[in-house]
Each structure stands twice: as structure tokens, then as C-alpha cells.
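Have a look at the structure below, then the notes.
The values are calculated or read from the model by the stated rules, or taken from the named source; none is laboratory data. In this text the structure is predicted, and so the values were computed from the model without any measurement. Don't worry about glycine lacking a Cβ; one is built from the backbone with ideal geometry, like all the others, and counts go over all protein chains shown.
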Amino acid sequence: LLAFSLVDTLARQGDSTEIFRYAAGGFRDFTRIASSDPVMWHDIFRENKAALLQALDQFSDGIGRFRQAVENEDSDALMGIMTRANTARAHFLAMNGRTSYTRAHHVQCAGDDVTMTDSNDAGRNPTFVVTPGGQLQGRLRVPGDKSMSHRSIMLGSLAEGVTQVEGFLEGEDALATLQAFRDMGVVIEGPHNGQVTIHGVGLHGLKAPGKALYMGNSGTSMRLLTGLLAGQAFDVELTGDASLSKRPMERVAKPLREMGAQITTGEQGRPPVRIRGGQPLKGFHYDLPMASAQVKSAVLLGGLYAEGETSVTEPAPTRDHTERMLGGFGYEVRRDGPTSALTGGGTLSAGSLEVPADISSAAFFLVGASIAADSEVTLPHVGINPTRTGVIDILKLMGADIRLENQRDAGGEPVADLVVKAAPLKGIEIPEALVPLAIDEFPAIFIAAACAEGETILRGAEELRVKESDRIQVMADGLAALGVSHEVFEDGIRITGGEFGGGEVQSHGDHRIAMSFAMAALRATGPITIHDCANVATSFPGFAQLATHAGLKLEVK
């Protein structure tokens, strides 16, 4: 009907000849539709009168909003319409296919630095085939920090005013968070080469989405948004892809219910998560049963909407990006040892934010350069938040040669250039105090252990079993495929280092496992084939190209 209407309107204009001569491909598609059998369409339109009138009203309302925005010179409204439309195709393809967001990237060399920029290549589910041997060299800029990228979108959206973000990670997980806030009415420009502009709506300015919010593969998005949305006035449902739909969500829902939220989860406490709006929240104190930055953050974000004080005490230190970033947006967070507290009812003030390179992404090159003879790599502007540097501490205990140079502060977060050279590694018993400070980096650390002399023992890491995969078991299966001696515990693993061969590894869609075994090929005696690597794009778009540039003999098939 729209095609017939548009073509008829233009055909009746006096200067329509030039329009039809120079029209672009999209308009030609409309003319092809309008040239189809009018009798057939006449009958279809009459038989579907009620649905057609409803659809026409919706389109008329949309055109009306667009006209009003133009007439009023409302820049925010115009950008809101156009940015949502710009990303709609990728969003609905991902949601309907229950896959992660796809964002293909390629590597571009600029001087001594290598960075990732967007490519228009279509996404697919690749296999990594890595030939053994080689070394890593160069100055490599890894993507922006994933944890901070999530939080920058969330808090920038809830702030008063316009927030500028530099260094945003254009990976699938962070894009899921960005899309969710667009679906709730926030105007977000970008991302373009890591730059994002967020037109904040304030703590109470979010609008009810027209459908379920789709989180793709991102557990961070789902858990933090559950806390943030618990105090909103509208109902909302959070869904995800097949992998995310297996992950536990009751650990977040339970404390929020104690604050007064009405939240239900699916079978066995897994997604989807459904939140009933309009529920008054009351602040309370929560003792975390496990060391989890996501649960801590969800409770604190819920506390923004609660009456009185909300406080959380953690059993061991976890990443504190939420607390730091809230302070950066002007919201007071009181910290006393293991306890963080805030009082609801405040406001967030917009500003500028620089996201440093992600230490979790840097970890693969820290390990790769440590285990491959004659390697030397510099990783500039990496975040070294003390709640995230467990991987550096553990590798140094194993004998790694890692230096922190040019230490400085960037937007309230400590950063440094990391310089790593090849060094002989030895097995260690990993201190349990370091486990929560390296929880996302253990797949890479397991590869370091496989290359070390002697035994490496990890205990107290049961949290690894409820990540994107059961990382203890999936890593153990991959190590077994390569011939690495190991013993699995419920809460950890023992790995005996030594020479190992090639083989086929199933990553089970876990991005960190895929990248870790790619680095293992630097010391393997045969090629390593890693299946199901599409989700590498969730945290490290362009990994294969950057690693290849550095010297890894990796082919994507």
C-alpha cells in the first residue's frame, strides 16, 4: 500500500519525469511493487481492512512525529528516529535468530599502532585454524574495556545532559546494551570509531519499550539492567540468545525482590527475566554470597531508585567500575572496606568519559608473548584498575616479564602501557585472593599453565562454571584434546605443563576460550582448529586480524 501511495503521489506531480529518471534503487523497488497486479492488491486490501487501517494509523503517527520534529527543529527527536532506524535491521536479525549482534571489523595500521575499525563484511560463524609456532611482536591497541563500555551507556542514558564517550567497545555485548537504551527512547549517536554521544533522559526519563529487550549473549547487560529497571514505572522483559538463556539470573533477582521489586525468571532461574513496573523500592543492606561485580552493581543500580540507603558488602574484592563511574557522573558512593553504599533519589550529571583498553582482551597477548620465544609486545593505554589486575599478578608469580610504563589516570581509572617479553614460566598454586581479580582471564591463564614447568593449581573458582560456558570443563576438554595433563575439581583445576600437540577444540561459543586456544598454537607441535568462534566479536572484534598482524599464524575459515 505504501508503494502504491508513494508512486501515485509522485506520478501526479507535474515534474515527475525527472523523479523517475534519476531515482535511486530503493525507489525503483517501490515502483516495481506498484507495477504489480492492482486487482490482486485491491482484493487483499479489502479483505484485510481492519489490520490495514491499524497499520496505516501507525505509519501516519510515525510520519506525524517526524513532521513535528522537523517543524519544531527538535534535533534530539530527529536523531532518535534516525538512529533507531539506522540500527533496526541488524537488531531484528539478531533478535529473530536469537544470535549475538554481528559487527565485522578489520585491522587498519596507523604508524606503530594497530587498531580496529568497522568493516561492512557480513557476519558468520567462523572456525580458527592456527598453525604452530611463531612469535608476537609490535605495539597493539586492543579494544575498549567491555565492562566500562556497558556502564558508560547505562549511566550516560540516565544522566541529565549530553555525555561524550571515547574508546567505546564496538563489540556485540556492548552493542546489545546500547540498543536496549535506544529501545527505551534514549537518543544515542554512534558508535563511530569508538565515539558515542548519549542524550541522557535522567533517572526517570526512560520509556517503556515496545517489545522485549534483547540482550544477545551479554550476561552483564541482562544482570545490570535487571537492577536498573527494577524501579521503573513500566513492565519489561529481558531475553537473550541460546547461550545467555542458560545462565543463572536468580542471584540478581533475589536481592532486588528483598528491596520490593517484582521479578520473575524462567525455568531453573534462567532467562527470560520479567520485571513488573511501578514497584516502590526500599534500600537495604546485602551481604553478597559470592564475589560478583554484576550482582553488586545490579543492587547498587536498583538503589538509585530506592528510598533510603542501599549498601552491599562483598566477600572478596571485585571490579569497582560501577562505583567509580557513578562518582564520575556526580553521584556519591560511600566506600568503607568491602562495603559500598549510596542513597537513592539523587541525580546523575552528564560529562565526558574515556574508556581505556580492556585488560581482559590484553590478557591473550600477555600470555601469547610470554610463552612464545623472542616475543615482545607493547599494549598501550590499558586499564589497570586494581580490581582487574589479577591476571598480571598471577603471570608475574609464574615468572612472566611484564612491565607497566607511563602509568597515569584517565577519567578516574588508572591506565598504563603494558610491555611483555617472552620468559620461562613455572607452575604455581594460584592464591585464592587473586581469583575474583582475574575471573575473566582464567582461560588465557590456563594456556600459560600448560606451557609452564611444573604444576599450576587453581581452587576457589567455581564461578567459572556459570560463565558463557562451564569454563573449567570446556577448557579441560580442550586441554585434553591437545594432550595436556590435568585434573578437574569442582572449583578449579590442576594443570601440568609440558610439550603438547595440536588438535580440534570446541569453544562452545565462548569467546575467551576460542582466543585462548588460538594463543596456545604458539607452543603447540601441531595445528589447532577451534570451532564455533563467532562470539569472539562479543568482546574483541578484529581479534583474528590483530593477532595475525602481531605474528600468530591464524586463518579464519
Within the set of pairs 6 or more residues apart or between chains, which connect a residue that is free of Cβ contacts under 8 Å to residues at least 60 places away in the same chain inside the stretch 141-155 to a residue that is outside any loop (DSSP other than H, G, I, E, B) and hydroxyl-bearing (S, T, Y) with Cβ atoms less than 8 Å apart? I153/T177
Count of residues meeting criterion [under 21 Å from C533 (Cα atoms) and not polar (S, T, N, Q)] in the stretch 215-257: 9
What are the residues in the stretch 42-56 that are over 23 Å from I81 (Cβ atoms) and in contact (Cβ under 8 Å) with a residue 40 or more places away in the chain, if any? F45, L52
Please note which helices (runs of 4 or more DSSP H) are completely contained in the stretch 146-244 and include at least 2 residues that are under 26 Å from A357 (Cα atoms) and at pLDDT below 95. 172-183
Of the conditions (1) crowded, with 23+ Cβ neighbours inside 10 Å; (2) part of a loop (DSSP other than H, G, I, E, B), P424 clears all except one; give me its number. (1)
Checking I198, I263 in turn, the sole residue that is out of contact with any Pro (no Cβ under 9 Å at 6 or more places or on another chain), within 22 Å of G330 (Cα to Cα) and in contact (Cβ under 8 Å) with a residue 24 or more places away in the chain turns out to be I198
Which pairs turn up if I take residues in the stretch 57-76 that are under 23 Å from G200 (Cβ atoms) and in the same structural domain as L2 (by the TED database) and look for partners that are of a type outside the set (D, E, K, R) and modelled with pLDDT of 85 or more with beta carbon separation below 6 Å, at least 6 apart in sequence or on another chain? D76/V187; D76/H199
For A400: the one exception among (1) in contact with a helix residue (DSSP H, G or I) (Cβ under 8 Å, 6 or more places away or on another chain); (2) surrounded by 15 or more Cβ atoms within 10 Å (Cβ to Cβ); (3) at positive phi: (3)
Out of curiosity, is R324 in a loop (DSSP other than H, G, I, E, B) and touching a residue at least 40 places away in the same chain (Cβ under 8 Å)? no
Out of S507, S516, S469, I need the residue that is under 22 Å from the mean Cα position of the chain (by Cα), at pLDDT 95 or above and more than 19 Å from G133 (Cβ to Cβ). Which one? S507
Members of the stretch 421-446 that are of a type outside the set (A, V, I, L, M, F, W, C) and either touching a strand residue (DSSP E or B) at 6+ places or on another chain (Cβ under 6 Å) or farther than 23 Å from A514 by Cα (or both): K421, P424, K426, G427, E429, P431, E432
Give the stretch 338-362 a look and list any residue that's surrounded by fewer than 18 Cβ atoms within 10 Å (Cβ to Cβ) and either among the β-branched types (V, I, T) or not in a loop (DSSP other than H, G, I, E, B) (or both), or say none. T339, T347, S349, S352
Of the conditions (1) within 23 Å of the chain's Cα centre (by Cα); (2) in contact (Cβ under 8 Å) with a residue 60 or more places away in the chain; (3) crowded, with 24+ Cβ neighbours inside 10 Å, the single one that G411 does not satisfy is (3)
Could you list, in sequence order, all residues of the stretch 526-543 that are surrounded by fewer than 24 Cβ atoms within 10 Å (Cβ to Cβ) and either over 27 Å from L178 (Cα atoms) or modelled with pLDDT of 95 or more (or both)? G526, P527, T529, H531, D532
